[in-house]
Amino acid sequence: MSEKRNGSGSRTVLKVEKLRIHYATPQGDVIAVSDISFNLYEGETLGLVGESGCGKSTTAYGILQLVQPPGYIVNGSIEVDGTEVLNLGEEDLRKFRWTGLSLIPQGAMNSLNPTMRVKDQIIDVIESHEGRQRDREALRERIFELFQNVGLPNRIYNMYPHELSGGMKQRVCIAMGVALHPTVVIADEATSALDVVVQRIVAQTLIKVKDEIGVSLIVIGHDMGLLAQIVDRIAVMYAGKMVEIAPVNNVYAKPLHPYTQLLIDSIPSIKERKPLKITEGITHDPRNPPSGCIFRLRCPFAWQHCAEVEPPQIMIEDLHEVACHLYDEQFAERRANALATIANS
Amino acid sequence: MGGISLNYLVRRLLVFFLTLWVAATLIFIIPRLAPGDPIAAMVARLSYQAGFVENSNAIIEGWKERFGLNDPVYVQYVRFLGGLLQGDLGYSMARFPATVTELVGRALPWTIGLVGISTVIFFVVGNLCGALLAWKRTPRLAKVVIPMSMIFTSIPPLLAGLLLSYTFAFLLGWFPQSYSYGFGMTPALNLEFILNVIHHGTLPAMAIVLVTFGYWALGMRGMMVTIEGEDYMILAQAKGLKPFYVLYRYMIRNAILPQMTALAVSIGTLVNGVVLVEVIFNYNGMGTLIVTALREQDFGLIQGTAFILITTSALAVLIIDLSYPLIDPRISLEGR
């Protein structure tokens, strides 16, 4: 792992506070994202992980103001470089998009317009934000440079999306995502449809481009192994809540939250076969989350207190926060027991 | 990139000519299976008018000989096909010595004009209405008005024609009731004549458009809703593109593709509707000609008009087929 460039002294480029997103259903609102707060620092790569349906993609789309109905943002604050995104008017939001926040989408296979040439899809984003480009030659050079950044050959300039492979399409999406040098890029499971080798290459391309252009990056994924290779910090989500956010080394070396521990434990190993532990316990109805801690129904260490009080985010060390009562100093004894149990298992 | 190879073009043209051959054969066989003798019928009509026709049997025989109806069927068939190849559709039996080519030549431009213009109008209007119905930014008022204008869709074309004719020609007198241009005018390429033709053509064209565009609007709306959920639509939104640009370059551009296919398929049905509308407005096109031919049991003319209608429909489908690579880059007609 490379040295972290982002100590807590770095500038905050994205500040998400108490973001809450619901999906309206006839039987009541499903709470997809529940009062999430986190910061993203300049030049940082943050991984957002969790099971399917835990709200990680919804969080991303919330930040991008792209939550599709019946979803809606209930409350919260999203600041990018000091601009409150949620207060932007329609035209301001349109101009802010892609220059402030850009997206590398989940389904790169279908994320390009099939009836437009690759170049036209990159040109349209440039021209919608920077006006008509009179110097076509310079525009072409600019796109070639983007291609070069992500390792695409110039010959795809005039091609249609169906003439490209999956990995190439994903690279086109990356090139498009950084075309305007946005402040923050969000990659939503950008590699999940690719095979492991291409996955790795695309992920490395992503990081290389990020470093060259100097943007901050949020990578959403469920492939913990891949994320470990590319991110600086990992934020773990469970049922719409942020349960732990920690530097990547800490998460793998000493995961604190019981859910993080189970999640790390469930990463398949190619060396040994081991049973899945996380299936124990029951999941709750997302319309009526349990009182107190969201994870208590599946947590092996839950006790009375967890049902009564919602755990606050406890700062363990620099950049490492966890939302679990075990790390409250008054329950130090329980924590010691719990850690002992883990050590024995 | 989309393109057409010579190989594909040749294959597609072969299919086109095969269609015409099959059509010609059916057209040749079917009237010969139908009961009734056209020449006897004609002579009977003459004798009905004149009271008595001398040597009627001799006349019938003479005409049969003249039209070659005494030859074996295969000789007639070969002669028929040979004539078609030379553009000779034979004589009209009821209006001898007028040739079918002559009659069709006079009627066909009017029908092509009427069908062509109404097709362009209903396709453009229908798809635009459908697109607006699905678009999130369409004003609420438009979303109420457009479906209301589609009530005519469930009316058969001839009824719509009658309604329009009664209202706008008979009651209000805004448009002429029949014919494709004013009596006493000679067809010429001047403004007066063109305006006159438009004046005469408005009601028939409206009859076709009114009953048709709703289908296209509904189809388009469905396609637009499907496109709305595509991944590239979310990306288009995230890219901060201008809404109107997203509408036509991302949504309509993709939603229109299946509509083009549907248009090719519907051309045959469209011609049916046009025949009836033409008859109602006594429009001097192919529809009126075909109905006259049927009424007079004019075999030569029936064969000729049917063949020409099939040829033009097949040609239209051929053109749409060959233009696919232009509208959808994913379709390539290059042979492999």
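Details
- Within a straight-line Cα-Cα reach of under 20 Å, A:LYS254 can be paired with the following lysines, leaving aside sequence neighbours fewer than 8 residues apart in one chain: A:LYS4, A:LYS274, A:LYS277.
- Binned Cα-Cα distance frequencies in chain A - 10 Å width, integer %: 5, 24, 32, 24, 11, 4, 1
- Checked against a 26 Å cut-off, the cross-linked pairs A:LYS169/A:LYS241; A:LYS208/B:LYS239; A:LYS15/B:LYS239; A:LYS56/A:LYS119; A:LYS95/A:LYS119 give Cα-Cα distances beyond that limit for A:LYS169/A:LYS241; A:LYS56/A:LYS119.
- Efficiency of FRET from Cβ geometry, B:ALA58 and B:ILE121, R₀ 60 Å, rounded to 0.05: 0.65
- In segment A:252-344, Cα pairs under 8 Å separated by at least six residues give a relative contact order of 19 percent.
- Amide H to amide H distances under 5 Å link A:TYR41 with A:VAL13, where only residues 5 or more positions off or on other chains count and H is placed in the peptide plane.
- Evaluated with a Cβ-only charge set (Lys, Arg +1; Asp, Glu -1), segment B:100-285 carries a dipole of roughly 760 debye about its Cα centre, given to the nearest 20.
- Each 10 Å bin from zero up to the one holding the largest Cα-Cα distance in segment A:21-92 carries the following percent of pairs: 17, 49, 29, 5, 0.
- Only aspartates and glutamates eight or more places from B:LYS64 in sequence, or on another chain, were considered; those with a Cα closer than 13 Å are B:ASP37.
- Put simply, the convex hull of the Cα atoms in segment B:100-285 casts, on average, a shadow of 13.0 nm².
- With helices as the sole contributors, chain B gives -23500 deg cm²/dmol at 222 nm; each DSSP H run of n ≥ 4 counts as -39500 (n - 2.57), and the sum is divided by every residue.
- Ordering B:MET150, A:MET237, B:MET286 from the fewest to the most neighbouring beta carbons within 10 Å gives B:MET150, A:MET237, B:MET286.
- Separation between Cα centres of segment A:178-194 and segment B:158-186, rounded to whole Å: 62
- Only Lys, Arg, Asp and Glu carry charge here, each on its Cβ (+1 for the first two, -1 for the last two); on that basis the protein assembly as shown has a dipole of about 760 debye about its Cα centre.
- Normalised by residue count, the protein assembly as shown yields a Cα convex hull volume of 243 Å³ per residue.
- Unpaired cysteine residues in chain A (no second Cys Cβ under 4.7 Å): A:CYS54, A:CYS173, A:CYS299, A:CYS324.
- Close amide H contacts of A:GLY47 (hydrogens built in the peptide plane, cut-off under 5 Å, sequence separation of 5 or more or a different chain): A:VAL219, A:ASP232, A:ARG233, A:ILE234, A:ALA235.
- The Cα-based radius of gyration and maximum Cα-Cα distance (Dmax) for chain B are 24.6, 88 Å.
- Annotation: the residues B:ARG11, A:ARG142, A:ARG134, sorted from fewest to most other C-beta atoms within 10 Å of their own C-beta, follow the order A:ARG134, B:ARG11, A:ARG142.
- What the phi angles of segment B:90-106 give under the Karplus curve with 6.51, -1.76 and 1.60, with θ = phi - 60°, is a coupling list of x, 9, 6, 6, 7, 10, 3, x, 5, 8, 4, 4, 4, 4, 5, x, 6 Hz, glycine and proline written as x.
- Burial ordering of B:SER165, A:SER57, fewest other beta-carbon atoms within 10 Å first: A:SER57, B:SER165
- The distance from the alpha carbon centre of segment B:60-111 to that of segment B:212-265 is 49 Å, rounded to a whole number.
- Alpha carbon Rg of segment A:29-144, scaled by the compact-globule rule 2.2 N^0.38 Å: 1.25
- Look at the dipole of the protein assembly as shown built from charges on Cβ: of A:PHE331, B:GLY222, A:VAL178, the Cα furthest out on the positive end belongs to B:GLY222.
- When +1 charges are put on Lys and Arg Cβ atoms and -1 charges on Asp and Glu Cβ atoms, the dipole computed for chain B relative to its Cα centre reaches about 1280 debye.
- Given charges at Cβ of Lys, Arg, Asp, Glu: segment A:12-231 dipole, positive-most of A:SER77, A:GLY100, A:LEU206: A:LEU206
- Ranking A:TYR160, A:ILE143, A:LEU14 by how far each Cα lies toward the positive end of the dipole of segment A:12-231 (charges on Cβ) leaves A:TYR160 at the top.
- Phi to ³J(HN,Hα) by Karplus 6.51 cos²θ - 1.76 cosθ + 1.60 over segment A:62-69, Hz, x for Gly, Pro: x, 4, 7, 6, 10, 5, 8, x
- Per-residue Karplus couplings for segment A:284-293, computed as 6.51 cos²θ - 1.76 cosθ + 1.60 with θ equal to phi - 60°, are listed in order as 9, 6, x, 7, 10, x, x, 5, x, 7 Hz, Gly and Pro entered as x.
No value in this document is a laboratory result; all are computed from the given coordinates. These figures come from a predicted structure and were not determined experimentally. Neighbour counts are summed over all protein chains in view; Cβ atoms, including those assigned to glycine, are modelled from backbone coordinates with ideal geometry.
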